[in-house]
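The values are calculated or read from the model by the stated rules, or taken from the named source; none is laboratory data. Computed from a predicted model, the values in this text were never measured in an experiment. Cβ: placed from backbone, ideal geometry, glycine included. Neighbour counts: every protein chain shown. Heads up: the accessible areas ignore ligands, DNA and RNA and are worked out on the full protein's heavy atoms, side chains in. Shrake-Rupley method; radii C 1.70, N 1.55, O 1.52, S 1.80 Å.
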Amino acid sequence: MKYIFGNWKMYLDYKQSVELANSLVKENLKNENVEIAVFPTALAMKDVTDILQENFKTGAQDAGHPSKGAYTGMISAEMYKNIGCTYALAGHSERRYIFGETNKDVRAKIESYLDAGLKTVVCIGETEQDRNNDKARYRLAKQILRAFEGLNFKEGQIIVAYEPVWAIGTGNACLPADAIDRIDFIKSEIAKYSQNIVPVLYGGSVDENNVLSYFSEDIIDGVLVGGASAKLDNFTDIIKNVLK
Ligand code: PGA
């Protein structure tokens, strides 16, 4: 199984998300070898999930780690699960670097998503500074250690997305050869903590022109697309290029 995930971030409001979901359904892009999921705003999650039904899955961009109670402003993994969500992202770099989430916060989220029965997409990646200081492997190894050490999960419950921070939203995608090298490293690091197969996706400026250069590599289990997934033409072209 390979994966195409579309993270709509805060690009689309409620109405636009519902419109895009309705348009995607009409494109008839369902395929049994590729799992497609979109990650809409929480406001539109229920509607988008209902519209997409068996065509595509949906996932939360983020969820709070307490499951219920006096937590103003939070939405829990369990709440997303109850409305039909399949996935949730943990540790997207925008959560880590704009909103200050630590590896500890990310770990708490991973555990709460697993408890709620959501499949968890753990996002990891080095910053530009890490890369310039030859610390990319150090950063990835640390994020993996904190996410996986002692973690109890079953195969199929966790996917990792390798998203170098310098490649996100910049148009400066990681060279496929470098993504392969990093993903090879990531898989061997994860194997230190778990015997389970954990698929690893690439994310960072993926578009309809470069998607195949990642997707066609055996070691890369799919792509996590941001900006290009929030536009009908770009996202459908990404999917069609992969399926043809
Ligand atoms: P991008 O974002 O495709 O816009 O670079 C990827 C992501 O943040 O998941």
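In segment 74-216 the Cα-Cα distances spread across 10 Å bins starting at 0 as 12, 42, 35, 11, 0 percent of all pairs.
Heavy-atom accessible surface of the chain, averaged per residue, reaches 47 Å², computed with a 1.4 Å probe. Average 1/r across all pairs of distinct alpha carbons in segment 2-243, invert it, and you get the Kirkwood radius: 17.8 Å. Couplings 3J(HN,Hα) of segment 133-140, computed from phi: 9, 6, 10, 4, 5, 4, 4, 4 Hz, in residue order, whole Hz [Karplus 6.51 cos²θ - 1.76 cosθ + 1.60, θ = phi - 60°; x for Gly and Pro]. Based on DSSP H segments of at least four residues, each scored -39500 (n - 2.57), the chain has a per-residue ellipticity at 222 nm of -11500 deg cm²/dmol. Considering segment 1-52 at the alpha-carbon level, its Rg and Dmax are found to be 11.0, 32 Å. Note on segment 100-139: Kirkwood hydrodynamic radius from all Cα pairs is 11.6 Å, rounded to one decimal. Among the GluC sites (Glu not before Pro) within segment 1-44, which fall in a DSSP loop and have no more than 12 other Cβ atoms within 10 Å of their own Cβ? Answer by residue number: E32. When L201, L151 are compared by accessible area of protein heavy atoms, the largest-first order is L151, L201, using a 1.4 Å probe.
Ligands, DNA and RNA left out, the accessible area of segment 156-244 computed with a 1.4 Å probe is 48% carbon and sulfur.
Couplings for segment 105-120, taken from phi via the Karplus curve 6.51 cos²θ - 1.76 cosθ + 1.60 with θ = phi - 60°, read 4, 4, 4, 4, 5, 4, 5, 6, 5, 4, 4, 7, x, 8, 6, 9 Hz in order; Gly and Pro are left as x. Computed over the chain, relative contact order equals 20 percent, with contacts defined as Cα pairs under 8 Å that lie 6+ residues apart. Summary value for segment 1-146: 18 percent relative contact order, contacts being C-alpha pairs under 8 angstrom separated by 6+ residues. If you filter segment 112-156 for trypsin sites (Lys or Arg not before Pro), then keep DSSP loop positions with at most 13 other Cβ within 10 Å, what is left? Qualifying residues, ordered by number: K154. Across segment 1-137, the volume of the C-alpha convex hull divided among the residues equals 132 Å³ per residue.
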